[in-house]
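Chemist: Got a structure for you, written out below as C-alpha cells; questions coming shortly.
The values are calculated or read from the model by the stated rules, or taken from the named source; none is laboratory data. Given the structure is predicted, the values throughout are model-derived calculations rather than measurements. Don't worry about glycine lacking a Cβ; one is built from the backbone with ideal geometry, like all the others, and counts go over all protein chains shown. Heavy atoms of the whole protein, side chains included, go into the accessibility calculation; ligands, DNA and RNA do not. Shrake-Rupley method; radii C 1.70, N 1.55, O 1.52, S 1.80 Å.
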Amino acid sequence: MRIQFIGVMALAALGCGSALAQKTASQGIDEYRAMLQDGNPADLFEAKGEDLWKQKRGPKAASLEKCDLGKGPGVVKGAFVELPRFFADTQRVQDLESRIVTCMASLQGFNEAEINKTPFGRGEMANVTALATWISAESKGLRFNLPQAHVTEKTFYEVGKRLFFQRAGTHDFSCASCHGEEGKRIRLQDLPVLTKNPGDGVGFAAWPAYRVSNGQMWSMQLRLNDCYRQQRFPYPGFGSDATIALSTYLGVNAKGAVSAVPTIKR
Amino acid sequence: MADPMRIRAQAAGGKATVRVLMSHEMESGQRRDSAGKLVPAWFIQEVNVSLNGKPVLSAEWGPAVSKNPFLQFNIKGAKAGDKVSITWKDNKGDTRTDEATVS
Amino acid sequence: MNNRRETLKQGAVLAGLLAAAGYPQYALAFNKNAFEAKSVQEAIKAAGGGALAESKEVTLTGPDIAENGAVVPLGVSTGLAGVKDLLILVEKNPNVLVAMFRVNDAVDASFMTRAKMGQSSDVYAVAIMADGRALFSKKEVKVTLGGCGG
Amino acid sequence: MNKKIKGLMAVAAGVVLAGCASLPSSAELDALTDRIVKASFRDQGMAKVDRVLATDETNRLCSQADASGKPLDEATAKRIEEANLKAVKWPSDGKFLGDWKQGEAIAQSGRGMTWSDDAKVANGGNCYNCHQISKEEISFGTLGPSLYNYGKIRGVKDPSDPASRAMVEYTWGKIWNAKAYNACSNMPRAGHAGVLNETQVRHIVALLLDPASPVNK
C-alpha cells in the first residue's frame, strides 16, 4: 500500500502544475479505498449465502446443493466466471441470479414469479443476493470465460451490444455515454470502459460489491438496475432478457479478466 | 435476529490482531423515511471482548459508527489456539456473541 | 438456524455471568451524556476528561478525502503510559462522539473502526489519561460528493 | 409477464431456427432487441416505458452509429443538428443571464427524472458529474471538457455587449439542446427534454458567463 502511494506521488510530481491539485484529490481517494480493503462487510453476506446454500429451506425443505449453475449439479467453483450462459432445462440464457431463482423454485419449491418481483434487499431477494455473493466469491481469482458456443448465447451478446449503445430516456444516456471512453470519471469515480476487457477486478469482474454509500450488498442485477435508474430509463425487470443480454455483452467483453468479487465500492 | 459476526484473529509477534465485522443497521436517528418521519436511532452501544473467557476490551459506540461495523485491535500475548469471544449489545437490548480461534 | 439460536442463548448467559462476576469492564454503563454532546469539549468533559491539549503522542489515522461519508476509516492510538480511554470524535457531526475504547494492559492502545460523517470536518483522536488530562490530535477529512444523483 | 417472456423466447427461438442455428441477421437482431426492450422494461414512478419505446430520430440514429462503430455521415449529422437547433426555445423575455449562485446549485444537483425522484422537487443539471466548473469543487467529472474560466477564455467581459451576443446565444443553445451543435453529443438536451426550465437555464448561463461568477475568476 505504501509503495503504491509513493508511486502515485511520483506520478503527480511528473505532472505539470495545474494537474497537481487534481492528482492530490484522486490520490486521496485511492488512499481511502485502500484503507477499506481490509474488512469488507461483503464477508457477512458471503457467510450468509454459504449457509443458505446448505440449509434445507422452502416448501420442499431441500438445500440448493444439487443446483446446476452450468458446470453440473452442485458445482459452485468456477460457475460464476462462465455466466450468463444457455441452460437446456429452461431453454434460456441465464445470469447467476436468475439461475439461483430457478434452483430455488425447482429444488426448494419457492414461487419464482414472487421472488422476481420482490424488491432488492427484502425477503427472499435478499437471500438471492447473499447466495450470489457466496457463489461468486467461490470463483475469486479465476478468469472470466463466458461460453459463446450456443447460438442463443451469441444472439444475446449481439442484443446486449445494441442495448449498451441504446440512447434513450430524458437525458439521452446510453451505457456507452459513461463507459465508452478511456480515462473518464463521473465526479471522482473512475469509469471503466466496458466495450473491452477493462482489466482484472474492474467493471463486470467487480460485482457483486458491498456499497458503502448505503451499506447494501449489490449484485449485478442491482448494479444494472441502478445504472438504468440513473440513465432515467424505465424499470428493468429482475432477470429480464434485457438485463441478461447486457450482462452477456459485458461478461464476454471481460474475457480473461480476473474476478475480484466480492469487492467494496463507494 | 442478528446475523453472525465475522471474526478473524491472527497471531504474530507476541500478539493477535483481531478484525471483526458485525451485521447491524447502525441507524443514526438523523435519517427520515420516505414519508418524512424520523427513523429512530438503532445502534450497537457496547462491545465487549474476552480472551479465553477473560475480559480484555470494552468499548462504547454511538450511532455515528458505520453500518455493518468494522473493528480492529490487538490483544497482547494471545497465541494460536486461544479463543476470542466478542459480544455486542444494541440500544434496543438485542445482543449477540460470537467466538473465533486465533490462527 | 439452531446453531445461531444456541450461540445467542450462550451469549446471554455469558453476559449475565460476567455482569454478576462484577468485571469492571462489563459494568461500564453507556455514557449517554458523552454520546449526546454537541461539541468536542462537552463530550470530553462528559467522558471524564479535563482541558484539551494537543499532543504528538496521540495518533489519528484517517484519509484526507473520503469518497463517501457513510464509511470513513478512522483509527486512534497512543504509546503513552497511563491512558484510560481512547476516543474518536467528528467535530461537525450532530453528536460529536463516535466511539470510546477502554484501554487496559491486555490490549494495545490502538483501535480502528469506521465512522459516518455528514460533511467535511475536523476529526479528533483523544486520549483521556488516568490523571484526567485529555490529549488530542486532529486532522481534517474532506467528504466528497459522489457521481450521478449523489 | 412470465407468459410474455415465454412468448418472446419463442420469437427468439423462431429467429434462431429460421437461420438454421446460425446467428440472425443484423436487421433481425435489431427487431429482437426492440422486442426484448418492450418485454423487459416497465413503468415505475415518473419513468414510463415511452422513454425507451418512443425515442426520437436523433437518439435512434446516434445509437445505431455508436453500435456499428461508424460515425454518422456528414449530411445526416447536419440534418439532425438543424432539426435540434430549430427546436431550441430562446428566452421569452430576451434575458439570457440569471443568477450564477443559483446556477451553481443547479450545476451541483444530479437529481431529477429517475423513477425514485419526487416530481415536486426541482431537477438538477447534473453538470459537475461530467464537467469541472468552479475551482472550489474538487469532485467533478471528466466526461465533458472543463468549463473553468468558460467566459473568460471566450473573451466575454460584458455579456450585455453586442460583441458577446453570439457566445451568449451559443451557450444558451448548447444547454437547451446540445445536439443542435453536435448531432451525437453525449450531453443531454436539458431544456429540450424538459429537465431544466427557462429560469434554470438562465442561471446556468450566468454561472458560465457572468464575470462575477467564480467560474471566471
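Chemist: Would you be able to say whether some residue in the stretch A:198-215 is within 19 Å of A:Val159 (Cα to Cα), open to solvent by less than 20 Å² (accessible area, probe 1.4 Å) and within 8 Å of the chain's Cα centre (by Cα)?
Modeler: yes
Chemist: Could I ask something else about it? Among the residues of the stretch A:208-222, which ones are at pLDDT 95 or above and in contact with a Pro (Cβ under 8 Å, 6 or more places away or on another chain)?
Modeler: A:Pro208, A:Ala209, A:Tyr210, A:Met217, A:Trp218, A:Ser219, A:Met220
Chemist: Out of everything in the stretch B:1-20 that is crowded, with 21+ Cβ neighbours inside 10 Å and aliphatic (A, V, I, L, M), what residue ends up being farthest from A:Asn40 (Cα to Cα)? Explain how you work it out, then say what you get.
Modeler: We begin by selecting, within the stretch B:1-20, every residue crowded, with 21+ Cβ neighbours inside 10 Å; these are B:5-6, B:9, B:16, B:18, B:20.
Next, from what is left, pick out any that are aliphatic (A, V, I, L, M): B:5, B:9, B:16, B:18, B:20.
Numbers: B:Met5: 12, B:Ala9: 15, B:Ala16: 20, B:Val18: 14, B:Val20: 10 Å.
Out of the qualifying residues, it is B:Ala16.
Chemist: Filter the stretch D:61-88 down to the residues that are in contact with a Cys (Cβ under 9 Å, 6 or more places away or on another chain), more than 17 Å from A:Gly180 (Cα to Cα) and of a type in the set (Asp, Glu) and list them by number.
Modeler: Listed by number, the list is empty, since nothing qualifies.
Chemist: Given the conditions (1) among the polar types (S, T, N, Q); (2) surrounded by 14 or more Cβ atoms within 10 Å (Cβ to Cβ); (3) part of a loop (DSSP other than H, G, I, E, B), report the number of the one that D:Ser160 does not fulfil.
Modeler: Going through the list (1) among the polar types (S, T, N, Q); (2) surrounded by 14 or more Cβ atoms within 10 Å (Cβ to Cβ); (3) part of a loop (DSSP other than H, G, I, E, B), D:Ser160 breaks only (2).
Chemist: Of everything in the stretch D:50-99, what is outside any helix (DSSP H, G or I), without any contact (Cβ under 8 Å) to a residue 12 or more places away in the chain and surrounded by fewer than 12 Cβ atoms within 10 Å (Cβ to Cβ)? Give them in sequence order.
Modeler: Within the stretch D:50-99, D:Ala54, D:Gly69, D:Lys70, D:Asp73, D:Asp93, D:Gly94 qualify.
Chemist: Give just the number: which of (1) more than 10 Å from every other protein chain (Cβ to nearest Cβ); (2) among the hydrophobic types (A, V, I, L, M, F, W, C); (3) buried (at least 23 other Cβ atoms within 10 Å of the Cβ) does A:Ala168 not satisfy?
Modeler: Condition not satisfied by A:Ala168: (1).
Chemist: Just one of (1) touching a His at 6+ places or on another chain (Cβ under 7 Å); (2) crowded, with 22+ Cβ neighbours inside 10 Å trips up A:Leu246, so point out which.
Modeler: (1)
Chemist: Related question: What number of residues in the stretch D:163-188 are at the interface with chain A (Cβ under 10 Å from one of its Cβ atoms) and part of a loop (DSSP other than H, G, I, E, B)?
Modeler: So the answer is 5.
Chemist: For the stretch B:4-38, how many residues are assigned to a loop (DSSP other than H, G, I, E, B), modelled with pLDDT under 95 and under 30 Å from C:Val96 (Cβ atoms)?
Modeler: Residues that pass the stated criteria total 9.
Chemist: Hey, another quick one. Out of the residues in the stretch C:114-142 that are part of a loop (DSSP other than H, G, I, E, B) and of a type in the set (Lys, Arg), state the one that is surrounded by the fewest Cβ atoms within 10 Å (Cβ to Cβ).
Modeler: That would be C:Arg133.
Chemist: Still on this structure, please answer the following. Looking only at the stretch A:141-165, filter to residues that are aromatic (Phe, Trp, Tyr) and under 17 Å from the mean Cα position of the chain (by Cα); which one of those is nearest to the other protein chains (Cβ to nearest Cβ)?
Modeler: So, considering only residues that are aromatic (Phe, Trp, Tyr) and under 17 Å from the mean Cα position of the chain (by Cα), the one nearest to the other protein chains (Cβ to nearest Cβ) is A:Phe164.
Chemist: If you don't mind, there's one more thing I want to ask. Does A:Lys184 qualify as being open to solvent by 30 Å² or more (accessible area, probe 1.4 Å), touching a Ser or Thr at 6+ places or on another chain (Cβ under 7 Å) and within 30 Å of A:Ala25 (Cα to Cα)? Please lay out each step first, then the result.
Modeler: Working: open to solvent by 30 Å² or more (accessible area, probe 1.4 Å): yes; touching a Ser or Thr at 6+ places or on another chain (Cβ under 7 Å): yes; within 30 Å of A:Ala25 (Cα to Cα): yes.
Considered against the rule, which asks whether it is open to solvent by 30 Å² or more (accessible area, probe 1.4 Å), touching a Ser or Thr at 6+ places or on another chain (Cβ under 7 Å) and within 30 Å of A:Ala25 (Cα to Cα), A:Lys184 comes out as yes.
Chemist: Consider the stretch A:109-136. How many of its residues are within 21 Å of A:Pro262 (Cα to Cα) and touching a residue at least 40 places away in the same chain (Cβ under 8 Å)?
Modeler: Residues that pass the stated criteria total 13.
Chemist: Still on this structure, please answer the following. Check off (1) open to solvent by 40 Å² or more (accessible area, probe 1.4 Å); (2) part of a helix (DSSP H, G or I) for D:Ala107 and give me the number that stays unchecked.
Modeler: Every condition holds for D:Ala107 apart from (1).
Chemist: Name the strands (runs of 3 or more DSSP E) wholly inside the stretch C:26-113 in which the number of residues that are closer than 21 Å to A:Gln37 by Cα and within 14 Å of chain A (Cβ to nearest Cβ) is 2 or more.
Modeler: C:58-61, C:72-78
Chemist: Turning to a different aspect of this structure: Under 7 Å by Cβ, and 6 or more places apart or on different chains, what pairs join a residue from the stretch A:42-70 that is within 18 Å of A:Thr263 (Cβ to Cβ) with one that is of a type in the set (Ser, Thr, Tyr) and in a loop (DSSP other than H, G, I, E, B)?
Modeler: A:Leu44/B:Ser23
A quick yes/no check of all residues on (1) among the acidic types (Asp, Glu); (2) under 30 Å from B:Lys54 (Cα atoms):
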{"residue": "C:Glu57", "(1), (2)": "yes, yes"}
{"residue": "C:Asp85", "(1), (2)": "yes, yes"}
{"residue": "C:Phe101", "(1), (2)": "no, yes"}
{"residue": "C:Val107", "(1), (2)": "no, yes"}
{"residue": "C:Phe111", "(1), (2)": "no, yes"}
{"residue": "C:Met117", "(1), (2)": "no, no"}
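Chemist: Let me ask something else. So, of the residues in the stretch D:123-137 that are in contact with a Lys or Arg (Cβ under 8 Å, 6 or more places away or on another chain) and part of a loop (DSSP other than H, G, I, E, B), which turns out to be farthest from C:Leu145 (Cα to Cα)?
Modeler: Here the residue is D:Asn123.
Chemist: Please work out which residue is least open to solvent (accessible area, probe 1.4 Å), limiting yourself to the stretch B:45-103 and to residues that are of a type in the set (Lys, Arg), more than 7 Å from chain C (Cβ to nearest Cβ) and closer than 28 Å to B:Gly13 by Cβ.
Modeler: Taking the candidates together, the pick is B:Lys83.
Chemist: Since A:Phe173 meets every condition but one in (1) more than 15 Å from the chain's Cα centre (by Cα); (2) within 30 Å of D:Ala27 (Cβ to Cβ); (3) away from chain C (no Cβ under 14 Å); (4) open to solvent by 20 Å² or more (accessible area, probe 1.4 Å), which condition does it not meet?
Modeler: Of (1) more than 15 Å from the chain's Cα centre (by Cα); (2) within 30 Å of D:Ala27 (Cβ to Cβ); (3) away from chain C (no Cβ under 14 Å); (4) open to solvent by 20 Å² or more (accessible area, probe 1.4 Å), only one is false for A:Phe173: (3).
Chemist: A further question on this structure: For the stretch A:159-176, what are the residues that are part of a helix (DSSP H, G or I) and touching a residue at least 60 places away in the same chain (Cβ under 8 Å)? Give the derivation first.
Modeler: Looking only at the stretch A:159-176, we keep the residues that are part of a helix (DSSP H, G or I), and these are A:159-164, A:175-176.
Correct list: A:Val159, A:Gly160, A:Lys161, A:Leu163, A:Phe164, A:Cys175.
Chemist: Only one of these conditions is not met by A:Ala47: (1) assigned to a loop (DSSP other than H, G, I, E, B); (2) surrounded by 14 or more Cβ atoms within 10 Å (Cβ to Cβ). Which number is it?
Modeler: (1)
Chemist: Any chance you could count how many residues in the stretch C:114-138 are within 17 Å of C:Gln41 (Cα to Cα) and within 12 Å of chain A (Cβ to nearest Cβ)?
Modeler: Selection size over the stretch C:114-138: 0.
Chemist: Out of the residues in the stretch B:28-44 meeting the condition of being touching a strand residue (DSSP E or B) at 6+ places or on another chain (Cβ under 6 Å) and away from chain C (no Cβ under 11 Å), tell me which one is most open to solvent (accessible area, probe 1.4 Å).
Modeler: Only one residue fits best here, namely B:Arg32.
Chemist: Step by step: first the residues of the stretch A:79-118, then only those that are part of a strand (DSSP E or B) and in contact with a strand residue (DSSP E or B) (Cβ under 6 Å, 6 or more places away or on another chain), then the one that is surrounded by the most Cβ atoms within 10 Å (Cβ to Cβ). Which residue is that?
Modeler: A:Val93
Chemist: Continuing with the same structure: Mind checking which residues of the stretch A:216-238 are in a strand (DSSP E or B), open to solvent by 20 Å² or more (accessible area, probe 1.4 Å) and either within 30 Å of D:Ala190 (Cβ to Cβ) or more than 14 Å from chain B (Cβ to nearest Cβ) (or both)?
Modeler: A:Tyr235
Chemist: When the residues of the stretch C:96-113 are narrowed to those that are of a type in the set (S, T, N, Q) and open to solvent by 10 Å² or more (accessible area, probe 1.4 Å), which ends up farthest from C:Pro73 (Cα to Cα)? Give the derivation first.
Modeler: Step one: of the stretch C:96-113, the residues of a type in the set (S, T, N, Q) are C:104, C:110, C:113.
Subsequent filtering for residues that are open to solvent by 10 Å² or more (accessible area, probe 1.4 Å) retains C:104, C:110.
Values: C:Asn104: 23, C:Ser110: 14 Å.
That would be C:Asn104.
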